[in-house]
Amino acid sequence: MKSLAELEQIRQRTLDQIKMRTNKDGIRIVVGMATCGIAAGARPVMNKLVEEIGKRKLGDVSVSMTGCIGVCKLEPIVEVINADGTKVTYVKMTPEKASRVIAEHIVNGRVCQDLTITAAEEAEK
Amino acid sequence: MREIALHILDIMQNSVAAGAGRIGVSVTAGNDTGMITAVIDDDGCGMDERTLQEVTDPFTTSRTTRKVGLGIPLLRSSCMRSGGNFSITSQKGHGTKVTASFGKDHIDRPVLGDLAGVVADMSASFPKIDIRLELISGEECFTYSSAEAARILGEVPLSEPAVIEWLKEYISEGIKHIFGGVLDEIAG
Ligand SMILES: Nc1ncnc2c1ncn2[C@@H]1O[C@H](COP(=O)(O)OP(=O)(O)OP(=O)(O)O)[C@@H](O)[C@H]1O
Ligand SMILES: [Mg+2]
């Protein structure tokens, strides 16, 4: 059985890595996790984001959960907050779309326009 | 929702919204009782009596983007459907306690699901809140506290990917140890 004390080793191992990171203000990704988000599949989307970031070793990108972002029928919703503070809101997310956002937006800096809330609202009209 | 862990995550979000500094999750299952009971309690702002009476009614919410709250009614109906029970107690200014039980072997019971992932990710996303987990079966018990983990980690944040990864494994091991052979979905 593992014991919580093993975290001490992780602390020592990660401390050096953290110090080496030059860019402290990376990209933040936030996943909406209120009832309708969870029911619409926000957890698998979050897991996919974390998996892709780990696979590509993107050290300065964080993923976290938040409560309600807003529009139920557009859940799961993912917000990408760029290092410069600008924000892109992706809606009706799936694990597949999450992989695309990582590959195109996070890695290559190209926003997936067709997945944004703006595109969804345009389509409504 | 298809997993008890997702219901727990949802109820924990209510505690976050209530400004909790501590959220306790306890899951008890036993072959003797034939039940799984999840208790989520917090030290958040609590509810007055009127709100408390209204919360199991799907037309009550304090959220502003939509008129009805869904989380509590969904959990309640899931409990009732699986031969369990649901109750909620709260004290304004002190905190709230949600107790949800399910018939362990009832055909409509949701599976436990990824409770380890939920607790680890909640710890990482809300590092200022002490997220506690307690798993109980018979004489066996597993406990976890994110505040304790944070104390050991010092300047390394709970949101560090290597930390989250380790916490998931650690809690998964606890779940296997306590509920293996007790819950059908967890190998003994
Ligand atoms: N732990 C808690 N502490 C204080 N108030 C709570 C707590 N849990 C629920 N409430 C109150 O009960 C209401 C209903 O909760 P419920 O989870 O059913 O819906 P919601 O959180 O408002 O919306 P949804 O869950 O659909 O996103 C909340 O809006 C809040 O006012
Ligand atoms: Mg809720």
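The values are calculated or read from the model by the stated rules, or taken from the named source; none is laboratory data. Quantities reported herein were computed from a predicted structural model and do not represent experimental measurements. Backbone-built Cβ (ideal geometry, glycine too); neighbour counts: all protein chains shown.
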Would you point out the residue of segment B:71-83, among those that are surrounded by 17 or more Cβ atoms within 10 Å (Cβ to Cβ) and more than 16 Å from the chain's Cα centre (by Cα), that is nearest to B:Ile8 (Cα to Cα)?
B:Ser82
Give the residues of segment A:73-89 that are within 18 Å of A:Asp114 (Cβ to Cβ) and crowded, with 16+ Cβ neighbours inside 10 Å, sorted by residue number.
A:Leu74, A:Glu75, A:Pro76, A:Ile77, A:Val78, A:Glu79, A:Val80, A:Val88, A:Thr89
Scan segment B:1-60 for residues that are in a helix (DSSP H, G or I) and hydrophobic (A, V, I, L, M, F, W, C) and jot them down.
B:Ile4, B:Ala5, B:Leu6, B:Ile8, B:Leu9, B:Ile11, B:Met12, B:Val16, B:Ala17, B:Leu52
Output for segment B:131-147, where each listed residue is at the interface with chain A (Cβ under 8 Å from one of its Cβ atoms) and farther than 21 Å from B:Gln13 by Cα:
none
Taking the options B:Ile23, B:Ile11, name whichever one is within 14 Å of chain A (Cβ to nearest Cβ), surrounded by 20 or more Cβ atoms within 10 Å (Cβ to Cβ) and closer than 17 Å to A:Gly37 by Cα.
B:Ile11
Which pairs have Cβ atoms under 8 Å, sit 6 or more apart or on different chains, and link a residue in segment A:1-21 that is surrounded by fewer than 11 Cβ atoms within 10 Å (Cβ to Cβ) to one that is of a type in the set (Val, Ile, Thr)?
A:Ala5/B:Ile152
Just checking, does segment B:105-114 include any residue being within 14 Å of chain A (Cβ to nearest Cβ), assigned to a helix (DSSP H, G or I) and modelled with pLDDT of 95 or more?
no
In segment B:166-188, residue surrounded by the fewest Cβ atoms within 10 Å (Cβ to Cβ) [restricted to those that are more than 8 Å from chain A (Cβ to nearest Cβ) and among the acidic types (Asp, Glu)]:
B:Glu185
Please go through segment A:24-75 and pick out each residue that is more than 13 Å from ligand 1 (Cβ to nearest atom), assigned to a loop (DSSP other than H, G, I, E, B) and not acidic (Asp, Glu).
A:Lys24, A:Gly26, A:Gly41, A:Arg56, A:Lys57, A:Leu58, A:Gly59
Being touching a strand residue (DSSP E or B) at 6+ places or on another chain (Cβ under 8 Å) and within 19 Å of A:Val63 (Cα to Cα) is the filter; apply it to segment B:138-165 and report the residue that is surrounded by the most Cβ atoms within 10 Å (Cβ to Cβ).
B:Ser146
Out of curiosity, is A:Glu6 over 24 Å from B:His7 (Cα atoms), at pLDDT 90 or above and in a helix (DSSP H, G or I)?
yes
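This table checks each residue for (1) buried (at least 24 other Cβ atoms within 10 Å of the Cβ); (2) facing another protein chain (nearest Cβ under 10 Å).
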| residue | (1), (2) |
| --- | --- |
| A:Arg28 | no, no |
| A:Ile38 | yes, yes |
| A:Lys55 | no, no |
| A:Ser62 | no, yes |
| A:Gly67 | no, yes |
| A:Val91 | no, no |
| A:Ala98 | yes, no |
